Amino acid sequence: MPLPLHLRSALDQARLLRARKISARELLDLAWSQVEKHNKSLNAVIVSDITRARKAAAAADRRLKAGAPKGTFDGVPMTIKESFDWTGTPTTWGDPRFAGNIAKSDAVALTRLTDQGAVIFGKTNVPLMLADWQSFNAIYGTTNNPWDVTRSPGGSSGGSAVALATGMSALEIGSDIGASIRNPAHYCGVYGHKPTYGIVPMRGQFLPGIVTPSDISVAGPMARSARDLTAMLKLLAGPDGIEAQALQLRLPGAPQKSFRDFRVAVMLSDPVSEVDQPVQDLVGKLAQFLSKRAKRLSMSARPDFSTREAMDVYIQLLRSATSRRQSDRDFAANRALADSFATADTSYFAQMTRAYVLPHRSWLMANERRHQMRLLWDRFFTDWDVLICPAAASAAFPHDQQGERHERTIRVNGRRVATTDQLFWAGYSGGFYLPSTVAPMGLTPQGLPAGIQIITRQYGDLTALRFAELLEQEYCAFVPPPGAQ
């Protein structure tokens, strides 16, 4: 059965707009009706300006009627993650300290879609400082998973994924330093792409006083279709500001036309972050499907370094990257705490605290090892086109807002394990600048969605997206949550 219009891909909606089968105003009202129907229970869209959006939709209708569309997504309704600037609205990152931070201009990534005619009407919820696989904060409250409201939608782009899954929005832009695009796409059954580091401008996604992009962190597209991701990335990617005065970006195309052209490595789980069996089973089922279609498939091929080292290097660099959020008092307290840990203490909390106060010389050593490992990844991708693996250790878990993130646990294969173990699946690609796409691969026996993570070489974004497009065509496409239709 074809999906109802509000749940179709953004490209399908754009095609119908150009054919004048529906107006931009009607399409916006359809999306807004989904907000009115679902947002009270889900709390995904937390800031909106429907009056401004209706004016933009009317302008799109005039262009479309004249046969002069502004761009690829002219008239298509969109929302954006709360951490991106949208003129006249607050950018708080869920922190009450920034409740009065009203954007004076639009983020570059947002502009690159609205310049193509996309109609923005709202912003979507995030966790405090974008630092959780849940999406709750003291300003806007808790966002719920549309598949089960007692569970997390993921984070930090959790509201983004919920808005897409329920048809509130057709396009979204998220950010990702620790799976913040990939994790919610996996938990909510939509598509997300974490681009190669640095190819999508981050200007307009900074807190007040910050102008420097963070290490590891990227901005990227989220949607209900892999084809939408590809179209969006082509618009979003490219230098900005000073760099744009001299630099250009030309991503390599994807030469693969079918699965027969792909050499595929597969990971089901890993000792660093064991994966819940229902998710492993879905990855295994996909691997079985590919074994009869791919050019070559291996269940054991890996880059030439240990997964434990990959995790340790990533945590060191990740928590160094987020260390600038500390006040002077926080820094002093963390330095004293780091000095109190035994040398043999390699717990996540100890690693995190040490990284918060890491001397620059130690950071340089960690960064050097990161780049050595980056070259080993590139060597791996001379033999393999993609590595597919889980996006997280389990499907969406129940809400848990008690204590600090590093103190919380989830259930994996009947055992309680640290939530932060899952950072492995974020950092295996993210810590080394690699692109990765998450695409739906089915439902667990509990009826929860799970996504496959598709990793490829640096700047090979279009290859990962091509693989996701083939999965969408031949294996598993977006399925809306119950009641979204």
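For Thr124, nonlocal amide neighbours, meaning residues 5 or more places apart or on other chains whose placed amide H falls under 5 Å from its own, are Ile46, Ile80, Lys81, Glu82. Estimated from helical segments only, the mean residue ellipticity of the chain at 222 nm is -11000 deg cm²/dmol, where each DSSP H run of four or more residues counts as -39500 (n - 2.57). Tell me, how many Å apart are the Cα centres for the stretch 247-273 and for the stretch 321-343? Each part reduced to its Cα centre gives a spacing of 38 Å.
Based on C-alpha pairs under 8 angstrom that are at least 6 apart in sequence, the stretch 15-80 has a relative contact order of 48 percent. The residue among Leu17, Ser160, Ala109 whose Cα reaches farthest toward the positive pole of the charge dipole of the chain, with charges on the beta-carbon of Lys, Arg, Asp and Glu, is Leu17.
From least to most packed, judged by other beta carbons within 10 angstrom and beginning with the fewest, Tyr187, Tyr433, Tyr428 follow the order Tyr433, Tyr428, Tyr187.
Classify the stretch 339-437: rounded, prolate or oblate, from the alpha-carbon gyration tensor (a ≥ b ≥ c, eigenvalue square roots; a/c under 1.5 rounded; otherwise prolate if a/b is larger than b/c)? Oblate shape, in that a/c is at least 1.5 and b/c is the bigger or equal ratio.
For the stretch 403-485, a Kirkwood hydrodynamic radius built from all Cα pairs, placed in the Stokes-Einstein relation at 37 °C and 0.692 mPa s, yields a translational diffusion coefficient of 218 µm²/s. Counting beta carbons within 10 Å around each of His406, His6, His193 and listing the fewest first gives the order His406, His6, His193. Average projection, convex hull of the Cα set of the stretch 162-233: 5.0 square nanometres. Positive end of the dipole of the chain (Cβ unit charges, origin at the Cα centre): among Gly204, Pro2, Thr382, the Cα lying farthest that way belongs to Pro2. When +1 charges are put on Lys and Arg Cβ atoms and -1 charges on Asp and Glu Cβ atoms, the dipole computed for the chain relative to its Cα centre reaches about 1160 debye. Farthest toward the positive end of the dipole of the chain, out of Gly431, Pro221, Ala265, is the Cα of Pro221, where the dipole comes from beta carbon charges about the Cα centre. Using 0.36 nm per residue and subtracting the Cα-Cα separation, the extra length available between Arg374 and Ser291 on full extension is 27.1 nm.
Only beta bridges with both residues in the chain are counted; by DSSP, about 75 percent of them are antiparallel.
Take every Cα pair under 8 Å whose residues are at least 6 apart in sequence, average their separation, divide by the length of the chain, and the relative contact order is 17 percent.
Of the peptides 89-97, 255-263, 12-20, 113-121, the ranking by mean beta-carbon count within 10 Å, highest at the top, reads 113-121, 89-97, 12-20, 255-263.
The value obtained for the stretch 230-331, namely the Cα convex hull volume divided by the number of residues, is 215 Å³ per residue.
Sorted largest first, the spans of the alpha carbon positions of the stretch 1-85 along the three principal axes are 39, 36, 19 Å. By its C-alpha gyration tensor, with a ≥ b ≥ c as the square roots of the eigenvalues, how is the stretch 147-297 shaped: rounded for a/c under 1.5, else prolate for a/b larger than b/c, else oblate? Note, shape of the stretch 147-297 comes out oblate.
Under 5 Å between amide hydrogens, built in the peptide plane, is the criterion, and for Ile177 it picks out Val218 among residues at least 5 positions away or on other chains. Ordered by the number of other Cβ atoms lying within 10 Å of each residue's own Cβ, fewest first, His186, His399 fall into the sequence His399, His186. Of all the Cα-Cα pairs you can form in the chain, what percent are over 41 Å apart? Here the tail beyond 41 Å accounts for 13 percent of pairs.
None of the figures in this text is laboratory data; all of them are computed from the coordinates on show. These numbers were taken from a predicted model, which means no experiment stands behind them. Cβ sites come from the backbone with ideal geometry, for glycine too, and all protein chains shown count toward neighbours.
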